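Student: Questions regarding the structure given below will be posed in turn.
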Amino acid sequence: MSKRRTNFMTIKFICGNKVQNITVSPLTVVLSISLLAVGLWGAKVWFDQYIGNYQAHIDQLEESNQNYRTAIALKEREREQMLALAEDRFDELCQQLEIQNHEISQINSKVGNKSKSRKSLQGSRYGTRQASLALKLKYKKLIEEVGKRDNDIDNMRVAVNKYRERLQRERERIAAQQRLATLSKTPQGWPARGVITSDYGYRIHPIFGYGRFHSGLDIADNYGTPIKATAAGRISYSGWMQGYGYAVIIDHGSGLQTLYGHCSRLLVNVGQQVTKGQHIADMGSTGNSTGPHVHYEVLKNGSCVSPVSYL
């Protein structure tokens, strides 16, 4: 009777001071590798979908922000027009009041001037009474209209002052939002935890061994330490960059950019919008590097500046 032979693989591993063997079949190894590959593929699909949903959410926020700015601009123009109309109406009321005051002064001058001629008084007594009565009625009517105009002007003054106060508060609120938006896009803080191992400026290069300008700060810590964006902006570069190894560049607008070099893993793509404090990469030692760290640069209008003032 023949015996059936089966090929097995023996895996040795050390546990403490003992060497233990595990015997597995090739089929088990193939199945394990297949399951691992399927798991990695599923994780990649989920991550791509997550990134896509996040980018769509960012696009929606950008569109909402643009619509909000457009609405604010239209509201600002409408308020300016209302204020101009209110000022024109105020000037018109003031002109009408001046005209009525002039008429009242003319009536006062006519009523107050008494003729010294007795003949004139006797000959026109009846006409004078009628003229005096008509002038008094007109005078009374003008006084009432002037009182109404005074009330209208006072109400208009109060309304214009309240409107100006509301407009000033709205302008201050919009200015505060703009300052906050500008502040969120200004690099501030540390890109990663760690210690500064190389300052900004001239130094002896640790690899090449001669004096060379160092355009940023080297912040060292363990492999995989999270690297975070120091300000909101758009990813303008993400990939391999010669001596910087794997690097990320963020464009913050207003001529400001930040660079994060020697990364072990990149988590963002070109064109992606990121927020301040977002995890964009992991610390590594790629490129011209002697150990795990992040090379952090701040560029203003294309030229390197000291990142120290932004920390």
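The values are calculated or read from the model by the stated rules, or taken from the named source; none is laboratory data. Because the structure is a prediction, the values reported are computed rather than measured. Counting neighbours? That spans all protein chains shown, and the Cβs are built from the backbone with ideal geometry, glycine included. Accessible surface areas use protein heavy atoms only, side chains included; no ligands, DNA or RNA. Shrake-Rupley method; radii C 1.70, N 1.55, O 1.52, S 1.80 Å.
Student: With a ≥ b ≥ c the root eigenvalues of the C-alpha gyration tensor of segment 35-88, is it rounded (a/c under 1.5), prolate (a/b larger than b/c) or oblate? Numbers along the way, then the final one.
Tutor: Values: a/c = 14.36, a/b = 12.90, b/c = 1.11.
It is prolate, given that a/c is not under 1.5 and a/b is the larger ratio.
Student: May I pose another question? Hey, quick one: spin label on GLU87, modelled 7 Å out along Cα-Cβ, who in segment 149-181 has an amide N within reach, i.e. under 16 Å?
Tutor: Inside the label zone: 157-168.
Student: If each residue of separation counts as 0.36 nm, what is the full-extension length gain between TRP46 and ILE99 once their alpha-carbon separation is subtracted?
Tutor: Working: separation 53, 0.36 × 53 = 19.08 nm, distance 7.95 nm.
The span from TRP46 to ILE99 would gain 11.1 nm if fully extended.
Student: Compute the accessible area per residue over segment 153-311, keeping the other protein chains in place, probe 1.4 Å, unit Å². Walk me through the numbers before you get to the answer.
Tutor: On the way: 8260 Å² over 159 residues.
On a per-residue basis, 52 Å².
Student: Could you tell me the center-to-center distance, by alpha carbons, between segment 199-235 and segment 54-90 in angstrom?
Tutor: That distance is 43 Å.
Student: Probe radius 1.4 Å, ligands and nucleic acids left out: which of MET82, MET156, MET283 has the largest accessible area, and how do the rest follow? Let's see the in-between values first.
Tutor: Numbers: MET82 100, MET156 45, MET283 0 Å².
Reading off the accessible areas and sorting them downward yields MET82, MET156, MET283.
Student: Something else: Step through the table entries LYS44/LYS300; LYS162/LYS185; LYS228/LYS300, compare each Cα-Cα distance with 31 Å, and write down the pairs that go over it.
Tutor: Numbers: LYS44/LYS300 36 Å; LYS162/LYS185 35 Å; LYS228/LYS300 19 Å.
In this structure, LYS44/LYS300; LYS162/LYS185 exceed 31 Å between Cα atoms.
Student: Each residue of segment 214-230 in order: what ³J(HN,Hα) in whole Hz does its phi give by Karplus 6.51 cos²θ - 1.76 cosθ + 1.60, θ = phi - 60°, with x for Gly and Pro?
Tutor: 9, 8, x, 10, 9, 10, 9, 6, 6, 4, x, 4, x, 10, 10, 5, 7
Student: Rounded, prolate or oblate, given the Cα gyration tensor of segment 195-295, with a/c below 1.5 counting as rounded?
Tutor: Prolate shape, in that a/c is at least 1.5 and a/b is the bigger ratio.
Student: Probe radius 1.4 Å, ligands and nucleic acids left out: which of SER254, SER215, SER184 has the largest accessible area, and how do the rest follow?
Tutor: Numbers: SER254 115, SER215 20, SER184 45 Å².
Accessible-area ranking of SER254, SER215, SER184, largest first: SER254, SER184, SER215.
Student: For segment 157-228, with the dipole built from +1 on Lys and Arg beta-carbon atoms and -1 on Asp and Glu ones, taken about the Cα centre, which of ILE196, TYR223, ALA176 lies farthest toward the positive end?
Tutor: ALA176
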